[in-house]
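Student: Shown below is the structure under consideration.
Each reported figure results from applying straightforward, stated rules to the coordinates on display, with no laboratory input. These numbers come from a predicted model, not from an experiment. Glycine also receives a Cβ, built like all others from the backbone with ideal geometry; neighbour counts cover every protein chain displayed.
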Amino acid sequence: MLNIQSLTKRYNRKQILNNLSFSVLPGEVIGLVGENGAGKSTLLRLLATIDKPNKGSITLFDYSYKKHRKEIRKQIGYVPQDIAIWDELTVKENMLFFEKLAYTNKTSEQLRQLCLEMNLDKWDVPVKTLSGGMKRKLNIAISLIHDPTILLLDEPTVGIDLKSKIEIGSYLLKQAKEHNRIILYTSHDMDEIKHLCDRVICIGNDLFYKEILKNSGKEVISF
Ligand SMILES: Nc1ncnc2c1ncn2[C@@H]1O[C@H](COP(=O)(O)OP(=O)(O)OP(=O)(O)O)[C@@H](O)[C@H]1O
């Protein structure tokens, strides 16, 4: 279980996250919503160990983010808002490169399979020739190379066509429900949030989102 207690983050003197406490069970998909600048990416960065909170604690099962940073990192798959892959390298070369950095030992065939499961059938072509949606799929495939327990995705479906959006959505659901991964992801697409998420966390305590999600049957937690 991922457990977040009294998490607080300030940049300079500006309060971004104020006293967030919640838990997420394996297999759960949590949607993070809120207006631009509310602090969704900040929360993902704290959970990805890229940034540190000013106050509060995060634990993953028996591991504390403060004490066991190295062990925690092995459990995290993180896809930032900006796609982070090598444009000049092929899909295969990217997968092999990131496999070397990961705490795992996967064959080229296993890596290819990861891409195919996302309906990404390009393999020997340079990444620069892929569409935005394909690049995003590749970024997600890379984040899964080391079989992480938690998957953190910052707007994974922004700016991509409906078909790829649906493919990515079903893939994420499969990752949560069949592989028992914890998924937290941000999106501004409320239809997608209603469809994919078990629960929704609204950052910024914004009544607008609560209202939109009122009849969705989803539990909405606001901070
Ligand atoms: N490294 C930083 N230093 C200073 N301020 C920062 C830093 N990172 C983020 N902020 C500020 O923190 C606030 C929250 O930013 P964040 O990117 O988390 O919002 P968001 O909810 O993800 O927004 P969006 O929907 O636009 O992606 C913003 O006011 C932003 O300017």
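Student: What list do you get for CYS115, CYS197 if you sort them by fewest beta carbons within 10 Å?
Tutor: CYS115, CYS197
Student: Mind checking which aspartates and glutamates have their Cα closer than 17 Å to the Cα of LYS92? Skip sequence neighbours fewer than 8 apart in that chain.
Tutor: Output for LYS92: GLU109, GLU117, ASP121, ASP124.
Student: Let me ask you something else. In nm, give the distance between the simple-model label positions of GLU35 and LYS14, each being 7 Å from the Cα along the Cα-to-Cβ direction.
Tutor: 1.3 nm
Student: Provide TYR171, TYR65, TYR103 in ascending order of the number of other Cβ atoms located within 10 Å of each residue's Cβ, fewest first.
Tutor: TYR103, TYR171, TYR65
Student: Assuming R0 = 25 Å, can you tell me the calculated FRET efficiency for the pair GLU93 and ARG73, based on Cβ-Cβ distance, to the nearest 0.05?
Tutor: Result of the calculation: an efficiency of 0.60.
Student: Label points 7 Å out from Cα along the Cβ direction at LYS194 and ASP121: separation in nm?
Tutor: It works out to 3.3 nm between the two label points.
Student: Still on this structure, I have one more. How would LEU25, LEU152 line up from fewest to most surrounding beta-carbon atoms within 10 angstrom?
Tutor: LEU25, LEU152
Student: How high is the FRET efficiency between LYS55 and SER23 when r is their beta carbon distance and R₀ equals 30 Å, given to the nearest 0.05?
Tutor: Calculated transfer efficiency: 0.95.
Student: Ordered by residue, what ³J(HN,Hα) values in Hz, to whole numbers, does segment 19-32 give under the Karplus form 6.51 cos²θ - 1.76 cosθ + 1.60, where θ = phi - 60° and Gly and Pro are x?
Tutor: Taking θ as phi minus 60°, the curve returns 6, 7, 9, 6, 10, 10, 8, x, x, 8, 10, 10, x, 10 Hz for segment 19-32.
Student: Distance in nm between label sites at THR129 and TRP86, each 7 Å beyond Cα in the beta-carbon direction?
Tutor: Label-label distance for THR129 and TRP86, simple model: 1.8 nm.
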